[in-house]
Amino acid sequence: MRIAMIGAGYVGLVSGACFSDFGHHVTCVDTDQGKIDALNNGEIPIHEPGLDALVASNVKQGRLKFVTDVASAVGAAEVVFIAVGTPSRRGDGHADLSYVYAAALEIAKAIKKFTVVVNKSTVPVGSGDEVERIIREENPDAEFAVVSNPEFLREGAAIRDFKHPDRIVIGSSDQRAKDVMAEVYRPLHLNSSPIMYTDRRTAELTKYAANSFLATKVAFINEIADLAEKVGANVQEVARGIGLDNRIGLKFLHAGPGYGGSCFPKDTLALIKTGQDYEAPLRIVETVVAVNDQRKRAMARKVAHAFGGNLRGKSIAILGVTFKPNTDDMRDAPSIPLITALQDMGAEVRVYDPVGMEQAKKVFENVTFCEGPYECARGCHAMVIVTEWEQFRALDLKEMAAIMACPVIIDLRNIYSPDEVTRNGFLYSGVGRPQ
Ligand code: NAD
Ligand code: UGA
């Protein structure tokens, strides 16, 4: 199959590289000339484990290309994926579909034969209809079908998720398009990944329902963690105790500083807006968003609590600033409101992240950027674990205690055992566990 991938960001680049690895011929198109130049120089613009080797090998074998010219890529393709961003629209929380519709217009101009246009971006219900209308209006003679094929990969585990998905959802009522999609995903189907065919609107809603449900699990366990702290229970054991029930499941029950990232925050907001538009309010999701928003400041208060509520004159080491490990993505990272709140409370903040420093420097002001965890913690009054990078699990706590002004660990990801940490002389506070 010849595939054009419009947008070479987290999803477009990973999907393009994986499709080419399946044997398809993929051209990734991006309007960002710098990104395309970097990719053509063998540089991967994002941190995603395994992606550099996957891209390099498929480029070498001639199955993966990077260009800025939509027309040539679309003209040659049987399938065109739209994988551009759909951020929150400024001010109202609706998904901003301007990139999707701009891509649709460019595609319309370049269609030469029957082409399957696939929306992989996360888009509200009805966006596929609008993409179809745009293409039809711009190019009335075009032969095409618009399919919804939402993507469920997670950053940091993107290649594994793409190649071994729990399911593939394909929304289309056009048999020719379904046959083409079956061919595109044939290697995964052979690998026993379930493919679910449905209509386009159902596929679009499925994506938002999935992300909102996962966000709900996280917000739920975070509230249980708060209660566990008050009643002297252990949230990790509660999570296991409920998660072993197959109807609930063990995943997405890790209490922490609140969910962040480029998707849960914007997708929950967009789903709420769709619910309001159709007068079918999503009150549970509305509460999840409110609970999650409040949590970041509550985590700053948790840090302050260790110092009697006052952070003036205190230096705080923040370990981990990306929204989760194994990515350099800082979009809507919990560290952002948390650090702002700590600074508002008078703290001086020092920051270290294993791969997120370059992005962090674009986001934070008035913080000290450090080269490593020990440099970061040196002279500090508290060390706060915000992102659970593996390397933070193996820190030499004795050395840490010796170099800090005050041995306090606020572990917002519960990566340490309270006993071990206190044995090393630290005052310790985790999330939802007896102290
Ligand atoms: P991103 O911002 O990393 O990448 C989008 C890319 O599209 C950018 O490189 C941008 O330059 C390019 N672009 C914008 N308009 C273009 C156009 N007209 N032609 C060509 N290129 C264009 O975004 P992302 O994180 O990859 O997300 C893309 C979509 O996938 C979003 O809808 C998101 O919700 C969804 N999604 C993301 C993830 C994830 O883990 N990031 C997972 C599943 C779904
Ligand atoms: C999420 C979904 O998991 C993917 O299925 C989806 O494709 C993607 O959004 C998307 O639509 O973009 P991602 O945002 O990459 O993936 O990362 P997650 O692993 O889901 O984590 C999201 C946030 O929830 C992170 O801040 C993470 O720390 C937090 N989280 C997650 C918890 O606090 N506890 C948990 O148990 C799980």
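No lab work stands behind these numbers, since they all come straight from the coordinates. Every value quoted in this text rests on a predicted model; they were computed, and no experiment measured them. So basically every Cβ, Gly included, is an ideal-geometry build from the backbone, and we count neighbours across all protein chains shown.
Structure values in brief
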| read-out | value |
| --- | --- |
| One residue from Gly425, Gly432 being in a loop (DSSP other than H, G, I, E, B) and farther than 20 Å from Met299 by Cβ | Gly425 |
| Enumerated helices (runs of 4 or more DSSP H) restricted to segment 112-190, each holding at least 1 residues that are within 16 Å of Asn211 (Cα to Cα) | 158-163 |
| Positions within segment 361-387 being assigned to a loop (DSSP other than H, G, I, E, B), among the acidic types (Asp, Glu) and touching a strand residue (DSSP E or B) at 6+ places or on another chain (Cβ under 9 Å), in sequence order | Glu371 |
| Residue list for segment 282-296, restricted to those being surrounded by 17 or more Cβ atoms within 10 Å (Cβ to Cβ) and in a helix (DSSP H, G or I) | Val285, Val288, Val289, Val291, Asn292, Arg295, Lys296 |
| Filtered residues of segment 308-357 (kept if part of a helix (DSSP H, G or I) and within 13 Å of ligand 2 (Cβ to nearest atom)) | Ser335, Ile336, Pro337, Leu338 |
| Residue match in segment 60-68 (condition: assigned to a helix (DSSP H, G or I), surrounded by fewer than 23 Cβ atoms within 10 Å (Cβ to Cβ) and touching a helix residue (DSSP H, G or I) at 6+ places or on another chain (Cβ under 7 Å)) | no |
